[in-house]
Structure formats: structure tokens, C-alpha cells
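One structure is given here, and the rest of the page talks about it.
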């Protein structure tokens, strides 16, 4: 019995030793992973710094009623393209026609009264010359004639006023443009100042964006800025991320900084021949900025963890280490490296998800020489 109890523990120990030997052999025989490695890309290029854009039509006007009355007719549909002077809406004009006729009659009466006094004035003048009436009578008639002429002018003013109101019953387009949504329907009661619709001139659009005081001072170092001819070509990125096919020209249009934000606005003009842009649209303005000698790293090399960016750096002994760095603007498939990485460091180019600190790899050098146009195109 004692012999049996000694044999089984010895057999278990032998099996355990044999298992460890097998596992050790398997781990040593595991192949070293081949990983593409590249250096940082360093070049002097131009990037586009983006600003929130406020897109506005060069002219955008609210069409409001200047009178009170009923909207009688609508001559255009919503979204229609209209020409300057074109009649868009008509208000009921019966009341204003009556006022105009009344004013015209009052003018005729005033003219007739003035003519009557004028004749009396001529008759009195002859009587004074014959010493039949005194000169005082002549002076009195002259005063009455002036008063009659004043009444004529007053009546003409009333006629012009009623005529203007009658004309305002026809609401016309102030310029060539496109009609927006029509707020009211035929038969609606309009008060003075009631909004009917808006009209926008969309042939060209102004795009406003704000820059900080420090950015403004950097612009002020430009010689063209000091000669009051400062202009800069910019691009427009639409709300869907697509680049607008036309470039714009940005200029400083404000003379004061916004006290709450410390910013100042620039305006860029963009053509709109295809009618793609609309008043009130959103987007971003891209302003070209020369980077100087700048380091870039491809997005395949980068891990993003909790808003921080990391890469795997290859050590001289072929082990890898995860290193954080401060990234700048992303351009295409590349990140700008602001700090944390050196030019001579070797970076794992792709396949970083399967790596861990201290892991040994077989680096395969990848040629990362690219042209500036390639970065910007991506």
C-alpha cells in the first residue's frame, strides 16, 4: 500500500514537467510577426484652417405689405425666379381708388378756386390803376391768391399720396431674384407691415467667418494688408463635407472687434452660377496657411484612445512601445504631429491593433516618401 501511494505522486510530477517543457518549446517556436515600419513624413506644405461660415445672399429682402387690406391675387409660385419690377401680389384696391378719385377732385376744385382769385386779382389791379379802389384791396387780393395757390399745392400732395398708396397695392420685385415660401394665401387680411415672403439675389453669395485678434495681427503683417488691398483665396466646405467647386476671395470688412468674443469678421464672395448655395446655409471656410517644416504621420499608424493619439515606436532591439503624441489638424489620411515624436523615430505603419508594449517584431521598412499634392489630394 505504501508503494502505490509513492508511485502516483511521482507520475503526476513527471506529467507536469513534461507539459511545461512542451509549452516552453511551443512559445519559443512561435514566429515573429512581420510589421511594416516607416519614418515620419516631413515637408513644407500648405494646409487649410477651417472656420464656421455664415452664408448670406448678397441681397435678401423681406416683402411686406405697406398698407392694410385683403390680399387679392398671387401672381407667382413659391421658389419662382422673378425680375426687378415684376408684379408679384395684388391687394384689393377699391378703397384706394376711391381715395385717389376724391383727392383728384379736390385738386380740381383748388385749381378752379385759384383761377377765380387770379382773375379777381387782375380786375383789382386795373381798378387801382383807375383809382376806383384803394391799394389795400389789391394787397388783400394778392394774399388771397397766395393762399389759393397753397391749397393747390396741398391738393397735389394729397393726390400724390393717394396715388402712391394705390400703386402700393401692387407688390413688385425690388430686384432680380428667387421667391421664398409665401406666408399668406389669397384672401388673407394684411396689416401694415405684414410679412408676405422674402426674395433673395443668389447670383453671388457673401460668406462671413470670424478670426481671432491674434490671427488678425498675423494677417496685418502682409504688405497687401497695409496697402488696403488685402485679399486671400479661400475655399468653401459645404454641410455634407463636399468642397464647393468655386473658390472665393476673402477680405476684412469690419473695423471693430466683437467685445464678447474678441473676434473680427471677414467676408468671402463666391459665385453661384449653378444656384447650389442658398441664403442661410451652413458650411466651413478653408483658409490656406503655410505650415513651414511640418511632421506628418499616416492615420494607419495612429491609435485614438479617449481623445488621445498614440503610435507604436520601434526600438533598436526590435521591440515596440506605445508612445503618445499631440496631433494637430487632420489632412486627408494624415495627422500633423505637433509634439511628442522625433524625425528619426521608426513608427509601425499599419497593423497596430494586434501589438502590445514590449512585443518583438520583424520590421519591414516601408518607403513613405510622398509628395505634397498626395497629402492634399487625400
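No lab work stands behind these numbers, since they all come straight from the coordinates. The model shown is predicted, which means the values in this text are computed figures rather than measured ones. Glycine gets a Cβ as well: all are built from the backbone with ideal geometry, and neighbour counts include every protein chain shown.
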Query raised in the report: To the nearest 10 degrees, how steep is helix 94-129 against the longest Cα principal axis of the chain, on a 0 to 90 scale?
Result: 40
Query raised in the report: What percent do you get for the relative contact order of the chain when only Cα pairs under 8 Å and 6+ apart count?
Result: 27
Query raised in the report: Just for the Cα atoms in region 93-168, what are the lengths along the principal axes, largest first, rounded to whole Å?
Result: 57, 13, 11
Report task. Quote to one decimal, in nm, the extra length available between residue 300 and residue 258 on full extension: 0.36 nm per residue of separation minus the C-alpha distance between them. Result -> 11.0 nm
Query raised in the report: Relative to the longest principal Cα axis of the chain, at what angle does helix 135-167 sit, 0 to 90 degrees, rounded to 10?
Result: 30
Requested in this report: Would you please state the base-10 log of I(q)/I(0) at q = 0.19, 0.22 1/Å for region 30-87, with intensities from the Debye formula using one equal scatterer on every alpha carbon?
Outcome: -1.02, -1.16
Report summary line: To the nearest 10 degrees, the tilt of helix 2-28 (Cα long axis) against the first principal axis of the alpha carbons of the chain is 50
Requested in this report: For the chain, set up a Gaussian network in which alpha carbons nearer than 10 Å are linked by springs, and say which option among 354, 283, 328 fluctuates the most.
Outcome: 354
**Report entry** Whole-Å distance, taken between Cα centres, linking region 55-126 and region 298-361
**Finding:** 76
Query - Relative contact order [Cα under 8 Å, 6+ residues apart], region 93-168, whole percent - result: 51
Query raised in the report: Out of 210, 201, 77, any idea which swings most in a Gaussian network model of the chain, alpha carbons joined below 10 Å?
Result: 77
Report summary line: Ranked on Cβ counts within 10 Å of their own Cβ, fewest leading, 179, 364 go 364, 179
**Report entry** Ranking of 253, 302 by count of other Cβ atoms within 10 Å, fewest first
**Finding:** 253, 302
Query raised in the report: With a 10 Å Cβ neighbour count serving as the proxy for reagent exposure, in which order, fewest first, do 154, 113, 191 appear?
Result: 191, 154, 113
